[in-house]
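Heads up, the thing below is written out as structure tokens.
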Amino acid sequence: MENDADSDMLDVPLPPGPSRHFNNSAYENSKVLTFINNTIDNINAALCVWPHGEVNVVLKRVKEIEHQRGTVNNASIGHGQTSKNAKMKVSYRQMKYSWPGNTPDEAWRFTCILAILHEINTAILSNITVTKRDIYYRQPELFRKQETVDRYIDDIAFTCGVTRKDLRVTASPKGLLCGLALTANDIFEPDNIPGARVQLVSSDLDDITAQHISHLRWILVVEKEASFKTLVEKRFDTQCSLGPGLIVTAKGYPDLNTHLFLRHILDLARTTSQPLPVFSLVDCDPDGLDIHRCYSTPPRPNIHEADASIPDLHWLGVDIIEWLGEKRVMDRCLTLTKRDRGRARGILGRMVEDDGEAVVGMGIGDGRSRMKRCLQTMLMLGVKAEIQAVDDEAVGGGLCGWLERGMVEARGY
Amino acid sequence: MSKQYLAQHTIDDAHQTDIFAITATPAQIITGSGSPDLKVHSTVQSDFPQEQVLKDAHPLGTHHVTVSADHSTLVSVGFGSEAKIWRFSDGIWKSAGDLPSAKKAGELWAVALDSEGKYLVGTTYDGRVNVWELARVLDEKSGEEKITAQKFVEWETRGGFGLAVDVSPDNAMTATSHPSGNIYLFSTSTTRLLHSLPTQSAPVRTIKFSPGSTLLAAAGDSTLISLYDAKSGETVALLRGHDSWITSLDWSYTGEYLVSASLDGKVKIWSVETRTCVCTMTDGEGRGIWGVKWLPKGETSSERGKAERFVTGGNGGSVGIYREASGAS
């Protein structure tokens, strides 16, 4: 079924920034429709052949991506601009799914792909957006797992040479935000937080204009929903001494919607020269640091996803090094598991490889060096610290006070 | 009987980043940090100049260094779980070989050498102790002397992560300490468990046998320093005074004093006889200290008569050298 026959190299220019996407999709949509029409035409033709033709659909799957070093560096690409010079070498293989094929498995895969193509076709022609979850739940017995849908959607997008958004398929948004005033319809009151305004990060970004964000003085990206709720309860978005700001959480690893949302806000701020520093608050553990890097480093695997990275994302904490002398905080640390240690070494190794050296100084004003020191310190002590460990009213104003001090200090460097 | 110590000298920026590992010979201080290089500074000259850089020893940084009592062999361990062996020859440290990495070896952590540098003991993340026999061989091709390491013996401590290890100066005992607070004493020759010492119930990060091999000092997150009788396994004393996690301990040459360092930047000197703290030094900025060591003195009587000195290495990358205020012997 799967042909490893071809392994061509493509020079693929990076897609333009996300804000351009939403206006230029007609051309991309037609590329998808063309692919679908051609696929169906071929199938019809094959069905008409006697005794039997080869009914199949051919997709391309990404095998390996090689970023060309230097040109994909965050520092040299402005956001909102087309990075014409930045290229990636992509190797892919042709996957041919035949029907009925040689095995029941092959027939199943063919069916899944056709079903997905049908959904995409409908979405484009009806001018609506569907989520990957929607597609899965239309026929869960067929697809069996969400991953099946996700994978073929990626392959279809790559085959057509478009991004997933051009298929009119988006991931279900999981991000939450607080601090923006959009339409009254979007506002909901989560349990136990009366009077707070928490909204879902929507995938429809055209509604958000520069005016909506003009009051913002900062953005804080928070790893955990629990910490997000704490800050919302304390009205940190309106009562921070730096002025009103936006608090966002993707409840863990960022989904594409949250990425694009943040990038959109930052791009809008750039158009009006509004200074808008963006900070991250994550647990002091390998996952937390990895989540920060997810937001700040350009994505690797999905080359056809737009570059929504935030290279200026400033890591506020938690940095265990800040608390080493505080036994009360250190005693609340958790033990680093074997997996954590492996991950910490892995992240440290990748950062060293990317930067070409282990640590550059103490990391004053340099988030990456601070992060490497933090990873080494975690490994030395065999512990990690959650955000909750520093949320103690006795520690000078609790979480909010500590955040404010960090944000003020960050502005200074 | 109070002792006064003064900060004699600071080697600013000995490393660009945090110093995690420090050891000393009568003439040198050897340090490892979050950067790839090991640094060697002279203790003979009053301005402690840098004598040697062992460049790119460990790409992800160094967490442990140990030197044999005869100062001929040095072993360093990096965050990538790799270990390097160095030998002192013609006045400099030369690369003598790498510790062989075995599959499923487990993450190598703390290391100690026996007094002659013939055996290297290392702990792992999962509670094993490995011993390698070191042998000097002549490398035919280069004509350089190399040190090979052969796995000699391995045993389980059942204590989990081996945070620290020490071999007694008479080589009879090997001790390991763990996050549970457990401290084990093994016979070096038979690897049999001799004692499971009364635990501190908190991670014990540093253990050291006294120069006479009669006592074992242990300390960690409980902020207490325990002194045990190495033969009977009984607790002999508890030294109180630190407020934060203790990372490092060392015995003075005569065994009369202990020096301890902790993560809030405080260093304390203790009289073993009176079980009291006789002096406390604080890093100006409260930066954590990862290692403290008395500077070994030379063999001559005039050397022995000199004031005691100790070194510290920690966050910020500076090495601090402290000396006794009065030149006592």
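The values are calculated or read from the model by the stated rules, or taken from the named source; none is laboratory data. What you are looking at is a predicted structure, and each value in this text was computed from that prediction instead of being measured. Note: ideal-geometry Cβ built from the backbone for every residue, glycine included; neighbour counts use all protein chains shown.
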Residue pairs within 8 Å by beta carbon, gap of at least six or interchain, first lying in segment A:323-336 and closer than 11 Å to B:D243 by Cα and facing chain B (nearest Cβ under 7 Å), second of a type outside the set (D, E, K, R) and surrounded by fewer than 19 Cβ atoms within 10 Å (Cβ to Cβ), listed first then second, are A:G325/B:G286
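Every residue, every condition in (1) of a type in the set (A, V, I, L, M); (2) at pLDDT below 90; (3) touching a Ser or Thr at 6+ places or on another chain (Cβ under 9 Å), yes or no:
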site	(1), (2), (3)
A:T34	no, no, no
A:I43	yes, no, no
A:I65	yes, yes, yes
A:N74	no, yes, yes
A:G80	no, yes, yes
A:N85	no, yes, yes
A:Y92	no, yes, yes
A:W99	no, yes, yes
Are any residues in segment B:243-268 out of contact with any Asp or Glu (no Cβ under 9 Å at 6 or more places or on another chain) and away from chain A (no Cβ under 14 Å), and if so, which ones? B:L249, B:D250, B:W251, B:T254, B:G255, B:K268
Pull out all pairs, ordered by first then second residue, where Cβ-Cβ is under 9 Å, the residues are six or more apart or on different chains, the first lies in segment A:341-357 and is closer than 15 Å to A:S369 by Cβ and modelled with pLDDT under 85, and the second is of a type in the set (S, T, N, Q) and outside any helix (DSSP H, G or I). A:D354/A:T297; A:E357/B:S35
B:G181 being away from chain A (no Cβ under 12 Å), over 22 Å from B:Y125 (Cβ atoms) and assigned to a loop (DSSP other than H, G, I, E, B): no
Find the residue count for segment B:89-135, including only residues that are without any contact (Cβ under 8 Å) to a residue 24 or more places away in the chain and aromatic (F, W, Y). 0
Inter-residue pairs, beta-carbon under 7 Å, first more than 17 Å from A:I387 (Cβ to Cβ) and in segment A:225-252, second assigned to a helix (DSSP H, G or I), 6+ apart: A:S241/A:E404; A:L242/A:E404; A:L242/A:M407; A:L242/A:V408; A:P244/A:D237; A:P244/A:T238; A:G245/A:D237; A:L246/A:D237
Any chance B:V137 is surrounded by fewer than 18 Cβ atoms within 10 Å (Cβ to Cβ), of a type outside the set (D, E, K, R) and in contact with a strand residue (DSSP E or B) (Cβ under 7 Å, 6 or more places away or on another chain): yes
The lone exception for A:E147 - which of (1) within 20 Å of the chain's Cα centre (by Cα); (2) in a helix (DSSP H, G or I); (3) in contact (Cβ under 8 Å) with a residue 12 or more places away in the chain it fails: (3)
Residues of segment B:204-242 being surrounded by fewer than 23 Cβ atoms within 10 Å (Cβ to Cβ) and within 14 Å of chain A (Cβ to nearest Cβ), in sequence order, are B:S222, B:T223, B:L224, B:R240, B:G241
Using beta carbons and a limit of 7 Å, which pairs, at least six apart or on different chains, have the first residue in segment A:26-54 and part of a loop (DSSP other than H, G, I, E, B) and the second one not aromatic (F, W, Y)? A:G53/A:A45; A:G53/A:A46; A:G53/A:L47; A:E54/A:A46; A:E54/A:S98
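Residues checked against (1) closer than 18 Å to A:L256 by Cβ; (2) polar (S, T, N, Q):
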site	(1), (2)
A:W108	no, no
A:S126	no, yes
A:T129	yes, yes
A:K132	yes, no
A:I135	yes, no
A:R144	no, no
Give the residue that is surrounded by the fewest Cβ atoms within 10 Å (Cβ to Cβ), with candidates limited to residues of segment B:34-83 that are away from chain A (no Cβ under 14 Å) and touching a Pro at 6+ places or on another chain (Cβ under 9 Å). B:V44
